[in-house]
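Before any comments, here is the structure.
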Amino acid sequence: MYRESLIFVSVVLLFGCGQSADFARPSGPGTDWPAYGSLPGGSHYSEADEITPENVEFLELAWVHNSGDFREGQTDPENPLGGVAQSAFQATPILVDDMLYYCSPFNRVFALNPATGEEIWMFDAEVDVGSEALAQCRGVSSWKDDRQTEGLCAHRIITGTLDARLIALDAKTGKRCPDFGRLGEVDLTIGLTEHGAQEYSVTSPPAILGDLVITGAFVLDSARRDVPAGIVRAYDVRTGAFRWGWNPVPPGTDPVNSDGEYVSGTTNVWSIISVDEDLGLVYVPTGNSSPDYYGGDRGGNQDYYSSSIVALVGETGEIFWHYQTVHHDIWDYDVPSQPTLVDLEIDGKAVPALVQTTKMGITFVLDRVTGEPAFPDDERPVPQTGAVEGEYLSPTQPFPTKPAPVHRLGVTPDDAWGFTFWDEGVCRDKLNELVTGPIYTPPSAIGTVVYPSPLGGNNWGTPAVDLERKIMVVNTNHLPFLIRVAPQADCTSENTTFPQRGSPYCMQGGIVNSPLGAPCTAPPWATLTAVDLETGEHLWQRPLGTFEDMLPWPFSMIEGSITLGGPAVTKTGLIFIGATVDHYLRAYDIRTGEELWKGRLPTTANSIPMTYRLGDDGPQFVVTAAGGHWSALSPPGDHLMAFSLPR
């Protein structure tokens, strides 16, 4: 269908159609966006209600703020990772007390007037960005002192850095809080084993629970087996004093080595942490143990807490419960997204739920008090043949009975696709030469095509949850991905994706493409799906994005491009999302999936938009970071852009 329709498609310009701005403005309260995910338990949901499905078509650009912080990617043969990637502007701002705060990919923090985008202050963490392989910062956090409302640092903005520091700033002035750590910062490299500058960074905003600031870190876990520990640590937000640390070693194992350093190679928490302030619990989504694609030397059940949701007691860091989404993960199916807290009614029973999307496109709905599945789940047998020498496999994996996956779980040569009959045939030959099969077919020496890919399925930008309608919205990649584990003797800088030093095997892989550059499975390669969380039923699914800014016509009009970023939802039933490889921010109707508006951007918005309403009956703004992504699918940029209805 896609091949034939390319000949007949036509372009319809949906932005700037010259319509009269004659529309209703609903009255309503002012709203903020005080945490990265809107709330401490995520959701990307806003009560802002001026913009509705009936008037969203009139949205126009209100202001732009440019930080100046972006870079092109550069190769460097002397660099162990081959160079540095282009910057990725992944930030979602927060709005607190009529001030907008965000971080640039270079760890500069900005405070803006949310009505105009005017810069109020800027703080420079002075990171040596040239020594960092990835330049990205997803957001900052806010804390208010309940003992005092005025004075220096009564309101603090907390940010982590690429060079592993935690910094507290006065929210009004941007000055360091002198009573936090040493000169306003805490050194997060303390207690870690020896490592390089690129191997340990804070890229996600810390969580705030009472007087604690809690952070994990991005660890370059496929570079070598003994990367720094994936430690989660809590600090006193007033003083910076260390309160507790959780290193994900198996139960009964010492979390530190004989030198007093945290045991290396443990699973890390690179994504966004959630908290339940009433329960006093911290929910951490874990990665998989190092190295990602070979687990034969993870002795002593080292990956006991990998690819899991772990509930920690906020006061002590002790384990309260944990649920593993993938046993012995050797596919890099780590838990990529913020655990999202929402109260549901399932089969007539009230459930304080935690919703967890995954790279597999499988959604787990758990009771956040007990960790038990809200819908029954099954431990199903999975493939047990084809693994490399030394590897072992879990005989089963967990599959929830509801909701149904938002991605098909597996691939065969019959799924081959191409722009033409010729490149479709080449794709079929490729898939026949490689190992294919259902999800959890093990990585092999021949090369295994995994579907979903380690890019997702779902990734860090999902989900958005409408807290009133109990609807989850997720953007999903549908890309065939090659994982080949090759003996180290066969690994060179030219053919290796991840070196996995200290392990018997490197990883060689990437998206399985046709000679004409198309993924070898049929479009759409990205979708947007709405799921009723109380019934588990899919409400609708539609392609997301096009290739307008990548490919010539008519290929540019293929629906369903690669997606990197995520959605936000509003009380009025709107979904806002960029996250595509074309340069647009879009609005959809949550009830039907109909596209209602799209606004043109200078590059891709590989971030999560946010929205707020300034004062009762005031203007509502939708803000997104348009700055490209380190995958180099779009040019880098530094555009924080706000849209609103005409005044």
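The values are calculated or read from the model by the stated rules, or taken from the named source; none is laboratory data. Being a predicted model, the structure only gives us computed values, none of them experimental. Cβ: placed from backbone, ideal geometry, glycine included. Neighbour counts: every protein chain shown.
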Among the residues of region 206-257, which ones are buried (at least 22 other Cβ atoms within 10 Å of the Cβ), over 28 Å from LEU39 (Cα atoms) and touching a Gly at 6+ places or on another chain (Cβ under 7 Å)? ASP221, VAL227
In contact with a strand residue (DSSP E or B) (Cβ under 7 Å, 6 or more places away or on another chain) and within 23 Å of GLY418 (Cβ to Cβ) - does that describe any residue in region 485-507? no
Of (1) surrounded by 16 or more Cβ atoms within 10 Å (Cβ to Cβ); (2) closer than 30 Å to MET472 by Cα; (3) touching a residue at least 60 places away in the same chain (Cβ under 8 Å), VAL388 fails just (2)
Scan of region 296-323 for residues that are among the polar types (S, T, N, Q) and either surrounded by fewer than 24 Cβ atoms within 10 Å (Cβ to Cβ) or over 21 Å from the mean Cα position of the chain (by Cα) (or both), ordered by number: ASN301, GLN302, THR316
Does LEU528 count as closer than 28 Å to ILE272 by Cα, within 21 Å of the chain's Cα centre (by Cα) and not in a loop (DSSP other than H, G, I, E, B)? yes
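For (1) of a type outside the set (S, T, N, Q); (2) closer than 29 Å to GLN136 by Cα; (3) under 20 Å from the mean Cα position of the chain (by Cα); (4) surrounded by fewer than 19 Cβ atoms within 10 Å (Cβ to Cβ), each residue gets a yes or a no:
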| position | (1), (2), (3), (4) |
| --- | --- |
| SER453 | no, yes, yes, no |
| VAL465 | yes, yes, yes, no |
| ILE483 | yes, yes, no, no |
| LEU539 | yes, no, no, yes |
| PHE547 | yes, yes, no, no |
With the condition being of a type outside the set (Ser, Thr, Tyr), out of contact with any His (no Cβ under 8 Å at 6 or more places or on another chain) and crowded, with 19+ Cβ neighbours inside 10 Å, I'd like the strands (runs of 3 or more DSSP E) fully within region 45-123 carrying at least 3 qualifying residues. 99-103, 108-112
Can you pull out the residues in region 344-369 that are at negative phi, acidic (Asp, Glu) and free of Cβ contacts under 8 Å to residues at least 60 places away in the same chain? ASP367
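This table checks each residue for (1) without any contact (Cβ under 8 Å) to a residue 12 or more places away in the chain; (2) among the hydrophobic types (A, V, I, L, M, F, W, C); (3) more than 24 Å from THR448 (Cα to Cα).
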{"residue": "TRP244", "(1), (2), (3)": "no, yes, yes"}
{"residue": "SER274", "(1), (2), (3)": "no, no, yes"}
{"residue": "GLY287", "(1), (2), (3)": "no, no, no"}
{"residue": "ASP303", "(1), (2), (3)": "no, no, no"}
{"residue": "VAL310", "(1), (2), (3)": "no, yes, yes"}
Could you tell me whether region 267-274 includes any residue that is under 21 Å from GLU185 (Cα atoms), surrounded by fewer than 19 Cβ atoms within 10 Å (Cβ to Cβ), at pLDDT 95 or above and not charged (D, E, K, R)? no
How many residues are more than 28 Å from SER337 (Cβ to Cβ), modelled with pLDDT of 95 or more and of a type in the set (Asp, Glu) if we restrict to region 461-507? 1
Just need a number here: residues in region 403-432 that are of a type in the set (Val, Ile, Thr) and over 29 Å from the mean Cα position of the chain (by Cα). 2
Residues being hydroxyl-bearing (Ser, Thr, Tyr) and buried (at least 16 other Cβ atoms within 10 Å of the Cβ): count how many of those fall in region 400-449. 5
Can ASP278 be described as modelled with pLDDT of 95 or more, crowded, with 24+ Cβ neighbours inside 10 Å and either over 18 Å from the mean Cα position of the chain (by Cα) or in a loop (DSSP other than H, G, I, E, B) (or both)? no
For VAL127, indicate whether it is among the hydrophobic types (A, V, I, L, M, F, W, C) and either closer than 25 Å to LEU39 by Cβ or touching a residue at least 40 places away in the same chain (Cβ under 8 Å) (or both). no
Determine if region 10-31 includes at least one residue that is closer than 30 Å to ALA135 by Cβ, modelled with pLDDT of 95 or more and in contact with a strand residue (DSSP E or B) (Cβ under 8 Å, 6 or more places away or on another chain). no
Among all residue pairs at least 6 apart or on different chains, which show Cβ distances below 7 Å where the first residue, located in region 194-219, is of a type in the set (Asp, Glu) and the second is not in a strand (DSSP E or B)? GLU199/LEU220; GLU199/ALA223; GLU199/VAL227; GLU199/PRO228; ASP211/VAL237; ASP211/ARG238
Any idea which of (1) closer than 27 Å to GLY536 by Cα; (2) of a type in the set (A, V, I, L, M, F, W, C); (3) crowded, with 18+ Cβ neighbours inside 10 Å is the one VAL369 doesn't satisfy? (3)
With a cut-off of at least 2 residues that are of a type in the set (Gly, Ala, Ser) and either at pLDDT 95 or above or in contact with a helix residue (DSSP H, G or I) (Cβ under 9 Å, 6 or more places away or on another chain) (or both), name the strands (runs of 3 or more DSSP E) lying wholly within region 207-251. none
